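Report on the structure given below.
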Amino acid sequence: MKIQQLSAQILFVLIGLFVSVSFISAQDDTKTRSITSDDFISQRPAAASSGLTGKTNRNSSKANVKNQKPRRATYKYVRQDKNIVRRKANQAKPQATNNATKTNKPEKVSEVGVTMWKLRPSRSSDTGFKLPVLVNNQRQLWTAERVNPDTPFQRGDRVRLAVESSDVGYLYVIDSETYLDGSYGEPFLIFPASMDEDNSVRPGLLVDIPDQNEDLPYFLINPKQANYTGELLTVIISPKPLTGIKIDREGKIKNLAELIELETSSNAEIFSRSDEEDKIYTKAEANSTCGSKTRQLTREKSPQNPCGAQTRQLTREEPQPQSIYRVKTQAGQPAVTFIRLNVRN
């Protein structure tokens, strides 16, 4: 009898240890985690206060708006990106003078929504917003379809990008080519077009790169070097304008040390949607874009609506980004993450 009681007690202890270890393992193993978009889309406006313009707003009754429920998506863990960039040491060295002032600040988690689009010939069943493409010197209307963040591209692919922030702030996107030996090309600021432009962002406003209103709103992947492997985009959401970044007339970053210091602070977890919804670029997304104007175009400035009078915010009921980058940073500091375009030659 005592042996049975002792065995039961041992079994009870072992079960307790197993449960405890399993709980700790589940907490430590971030690769098993998934998240929902609840926190991200809660920062967007509700449909009733989204400032919708045109027929959509006039025809929407209060009853219909009241009955709308926020859409939610589930995101699975992809990987962690922490200071993945190693630029050449002889180009510049990061300045550590500001790091000491950051250590005492509390940690903050910002979220950056990213959607990669690949254009393809439209099908009769496609109902989304189509974009002009030049094929053999003739214009065609193609469909933009979502792809996962690590999708490999090929020569001749036409791609575009959309970025959304969960925070109010200022967006900067810097592009560098990547090469087979692990090195990087010169970094160029591709958004905003100049440091004097309005680059403010807020939840629900998309930044399309390139801008959908450009003549050909996509990037054509056309490598010029044999060792080319793709592009690396450094995405920065800053609570205040970055005054330290300097560019030349072509947009090339002149003070590389400032960029290196920003990049070394990056610490992001990447989650991608596990469902097959919202695969096609929609009219709602097209209407919510700020765009990334080229240097020949001027972005319209307005304190109330920096993206122009026709632009509106995506609401909680509308398409959500393909990927969410959860960036850990210190309060008051820029959130920095990386988007990779991997290209197979």
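Quick one: count up the residues across the stretch 205-237 that are touching a strand residue (DSSP E or B) at 6+ places or on another chain (Cβ under 7 Å) and either in a strand (DSSP E or B) or small (Gly, Ala, Ser) (or both).
Here the count works out to 16.
Let me confirm something: among 121, 132, which residue is more than 22 Å from residue 206 (Cα to Cα) and out of contact with any Ser or Thr (no Cβ under 7 Å at 6 or more places or on another chain)?
121
Taking the stretch 224-261, which residues are open to solvent by 20 Å² or more (accessible area, probe 1.4 Å), under 15 Å from residue 191 (Cβ atoms) and among the aliphatic types (A, V, I, L, M)?
Listed by number, the residues that qualify are 242, 247.
Does any residue of the stretch 191-201 turn out to be within 20 Å of residue 279 (Cβ to Cβ) and in contact with a strand residue (DSSP E or B) (Cβ under 6 Å, 6 or more places away or on another chain)?
No, the conditions are met nowhere in the stretch 191-201.
Based on what the data block shows, is residue 234 farther than 27 Å from residue 134 by Cβ and free of Cβ contacts under 8 Å to residues at least 12 places away in the same chain?
No: the conditions fail for residue 234.
Name the pairs whose Cβ atoms lie under 6 Å apart, with the first residue in the stretch 134-152 and under 15 Å from residue 277 (Cα atoms) and at pLDDT below 90, the second open to solvent by less than 70 Å² (accessible area, probe 1.4 Å) and assigned to a strand (DSSP E or B), and 6 or more positions between them or separate chains?
As it stands, the answer is 148/272, since those pairs meet every condition given.
Please enumerate the residues belonging to the stretch 194-206 that are of a type in the set (Gly, Ala, Ser) and surrounded by 20 or more Cβ atoms within 10 Å (Cβ to Cβ).
Within the stretch 194-206, just 204 meets the criteria.
Do you know which residues across the stretch 313-336 are in a strand (DSSP E or B) and within 11 Å of the chain's Cα centre (by Cα)?
Passing the criteria: 323, 324, 325, 326, 327, 336.
Among the residues of the stretch 286-306 satisfying the criterion of being open to solvent by less than 20 Å² (accessible area, probe 1.4 Å) and out of contact with any strand residue (DSSP E or B) (no Cβ under 6 Å at 6 or more places or on another chain), which is modelled with the lowest pLDDT?
Going through the qualifying residues, I end up with 299.
When you check residue 185 against the structure, is it in contact with a Ser or Thr (Cβ under 9 Å, 6 or more places away or on another chain) and free of Cβ contacts under 8 Å to residues at least 40 places away in the same chain, yes or no?
Yes.
Considering only residues of the stretch 104-126 that are free of Cβ contacts under 8 Å to residues at least 40 places away in the same chain and in a strand (DSSP E or B), which is most open to solvent (accessible area, probe 1.4 Å)?
Ranking the candidates gives 121 first.
Determine which member of the set 177, 164 is over 14 Å from the mean Cα position of the chain (by Cα) and either open to solvent by 60 Å² or more (accessible area, probe 1.4 Å) or farther than 17 Å from residue 341 by Cα (or both).
Just one listed residue meets the conditions, 177.
Under 6 Å between Cβ atoms, at least 6 apart or on separate chains: pull out the pairs that start in the stretch 251-272 with a residue that is free of Cβ contacts under 8 Å to residues at least 24 places away in the same chain and farther than 24 Å from residue 108 by Cα and end on any residue that is surrounded by fewer than 22 Cβ atoms within 10 Å (Cβ to Cβ) and of a type in the set (D, E, K, R).
As it stands, the answer is 254/246; 254/248, since those pairs meet every condition given.
The values are calculated or read from the model by the stated rules, or taken from the named source; none is laboratory data. As the structure is a computational prediction, the values presented were derived from the model and not from experiment. As a convention, Cβ positions derive from the backbone with ideal geometry for all residues, glycine included, and neighbour counts pool all protein chains shown. Surface accessibility is based on the protein's heavy atoms, side chains included, excluding ligands, DNA and RNA. Shrake-Rupley method; radii C 1.70, N 1.55, O 1.52, S 1.80 Å.
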